[in-house]
Each structure stands twice: as C-alpha cells, then as structure tokens.
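Below: the structure, in structure tokens.
The values are calculated or read from the model by the stated rules, or taken from the named source; none is laboratory data. This is a predicted model, so every value here is computed, not measured. Because the Cβ atoms are built from the backbone with ideal geometry, glycine has one as well, and the counts that use them run over all protein chains shown.
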Amino acid sequence: MINEKIKFRNAILSDAKHLSKIESNIFPLDKVNTNFQNEISKETKKVFICTYENIVKPKKNLLSFIKPDKSKANQEFNTEEIIIGYIKIWKVLEESHIEQIGVIEKFRGQGIGEKLLVLSLRYCWENNIKKILLECRKSNSSAIKLYKKYLFNIVSVRKNYYPLNNSREDAICFESVDISTDDYYKKFLIN
Ligand SMILES: CC(C)(COP(=O)(O)OP(=O)(O)OC[C@H]1O[C@@H](n2cnc3c(N)ncnc32)[C@H](O)[C@@H]1OP(=O)(O)O)[C@@H](O)C(=O)NCCC(=O)NCCS
C-alpha cells in the first residue's frame, strides 16, 4: 500500500535522466527512447511522477577499521529520492492522450499506477479536457483492467501495432467517457 515514503509530483527537467533509465525497464518490449527533457519542457505535455524515499547506507571510511571514529557510531542513514513510476500525457485541444503509464515492477500492485492515472485525469478535468485516448497491448490484462475501472471503452484494434520479440502484437485503442462531468469527478477524482 502507498505509505509516507511514496510521493507524487510534477516532473521537472532534472528528472529527465532518471526517467529515461526507468523507461527501458518498464517497457522492455517497446524499445522506446523518449527524450524526457523535451517532453517535460513542452506546454502540450504533462508528466507526473511517483517517487520513493530510499535509505542509503553512509559510505564506509576505510580508516575507521583501523581507528574507529566513535562520534560517527550513531551516524544517520542518508536518503535519496528515486523515481518509481510516471505517467505522460499529451494535450490536444479538448482531448488528451495517455502516452505512457508505468510503475517499476517491484512497486506494482500497491495502487501507484491508479494514483498516477487519477492525478492526470484530475489535471485533465481541471483543464476542461473531455476525452482521454490511449492504446495498450492486447495481452496487457493489468492495464486493461485499470482503464476499464475508470470507464475507458475499447473503440478499435490496431493490428500488429507493437513490436513483440521477433513478431508483432495488436493494440487495443481505448477512449474514456466524458470525464468533464461533475458525476465523473465525484465518482473517481474527488480524493
Ligand atoms: C499497468 C500498471 C501501470 C498498473 O500499475 P500498478 O501500480 O501495478 O496498479 P495498481 O496497483 O494501481 O492497480 C490499479 C488497478 O489496475 C488493475 N491491476 C493492476 N495490477 C493488476 C493485476 N496484476 N491483475 C489484474 N489487474 C490489475 C486493477 O484494476 C487494479 O485495481 P483493483 O486493485 O481495484 O482491482 C503496471 O502494471 C505497469 O507499470 N505495467 C508495465 C507498463 C505498462 O504495461 N503500462 C501500460 C501501458 S498501456
């Protein structure tokens, strides 16, 4: 479950390098290589990230084996912020396209993907965007279940759209219901 070490925020330029690193881990089959610097700078794009506060052991001072420094006996551990998931959307007038949503494997199944989706749906709602589009691999049952939960409907299938090792896989194209209504907000986006 999401705990106090897990936070959500807008991506900033200095996150770009880290995002590139996790992109290839999250989407190993897609062979994508997004320029996150560009994406984060664009006015038509929006990237939300999820971070985890990681505990890092302090580096051992070699001299401490010879002459232990007692003042450092209770040295506090340092922390570093690592990016564990993100969602990237593209705004086109009254529509928006979810281009990528992903969570690194170790952190899946804890509600992070859903929270990232809700953050971007809420952002779209606040910006009067009515409809969200996206596509997803036919075999991606977790993502399909998530989209259906938020009332995305299948509108078409793109044959052989994605690379799949030495073959191809179909894409399922989804379209949301009108998310700009008060009912949708109350049901899905209020918390
Ligand atoms: C799809 C993905 C983003 C979901 O993120 P997540 O943090 O694991 O998902 P959550 O824990 O927030 O789960 C939210 C909902 O997603 C669906 N879901 C998530 N994992 C699932 C699983 N293993 N099986 C079935 N449904 C699942 C469920 O509807 C779940 O809601 P519920 O718990 O009320 O049933 C994640 O699996 C992922 O990063 N996959 C690899 C990248 C990818 O495929 N992205 C989508 C490209 S279209």
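Only one of these conditions is not met by N3: (1) modelled with pLDDT of 95 or more; (2) loosely packed, with under 12 Cβ neighbours inside 10 Å. Which number is it? N3 satisfies all of (1) modelled with pLDDT of 95 or more; (2) loosely packed, with under 12 Cβ neighbours inside 10 Å except (1).
Consider I89 carefully, then state whether it is of a type in the set (A, V, I, L, M, F, W, C), within 15 Å of K7 (Cβ to Cβ) and within 13 Å of the ligand (Cβ to nearest atom). Here the answer is no, as I89 does not meet what is asked. Scan region 170-191 for residues that are touching a residue at least 60 places away in the same chain (Cβ under 8 Å) and either in a strand (DSSP E or B) or small (G, A, S) (or both) and the total you get is 0. Just one of (1) away from the ligand (no atom under 11 Å from the Cβ); (2) under 21 Å from the mean Cα position of the chain (by Cα); (3) over 23 Å from I12 (Cβ atoms) fails for C124. It is (3). Just one of the numbered conditions (1) surrounded by fewer than 17 Cβ atoms within 10 Å (Cβ to Cβ); (2) near the ligand (Cβ under 7 Å from one of its atoms); (3) on the phi < 0 side of the Ramachandran plot is not true of G111: (3).
Within 18 Å of I26 (Cβ to Cβ), buried (at least 17 other Cβ atoms within 10 Å of the Cβ) and either more than 20 Å from the chain's Cα centre (by Cα) or more than 9 Å from the ligand (Cβ to nearest atom) (or both): which single residue out of L134, L119 fits that description?
So the residue among L134, L119 that is within 18 Å of I26 (Cβ to Cβ), buried (at least 17 other Cβ atoms within 10 Å of the Cβ) and either more than 20 Å from the chain's Cα centre (by Cα) or more than 9 Å from the ligand (Cβ to nearest atom) (or both) is L119.
Elements of the type strands (runs of 3 or more DSSP E) sitting completely within region 77-163 and holding at least 1 residues that are within 28 Å of I55 (Cβ to Cβ): these cover 78-92, 95-103. Counting only residues that are more than 10 Å from the ligand (Cβ to nearest atom), within 20 Å of the chain's Cα centre (by Cα) and aliphatic (A, V, I, L, M), region 137-172 holds 1 of them.
Pairs linking a residue in region 44-60 that is within 30 Å of N127 (Cα to Cα) to a residue that is at pLDDT below 85, with Cβ atoms under 9 Å and 6 or more positions apart or on different chains, are C50/I2.
Of all residues in region 22-57, those being surrounded by fewer than 13 Cβ atoms within 10 Å (Cβ to Cβ) and among the basic types (K, R) number 3.
Just name the residue that is nearest to the ligand (Cβ to nearest atom) out of those in region 18-36 that are in a helix (DSSP H, G or I) and farther than 19 Å from K46 by Cβ. So, considering only residues that are in a helix (DSSP H, G or I) and farther than 19 Å from K46 by Cβ, the one nearest to the ligand (Cβ to nearest atom) is N25. May I ask you to list the residues in region 92-106 that are touching a strand residue (DSSP E or B) at 6+ places or on another chain (Cβ under 9 Å), at pLDDT 95 or above and either under 19 Å from E135 (Cβ atoms) or not basic (K, R) (or both)? Listed by number, the residues that qualify are E95, S96, H97, I98, E99, Q100, I101, G102, V103, I104.
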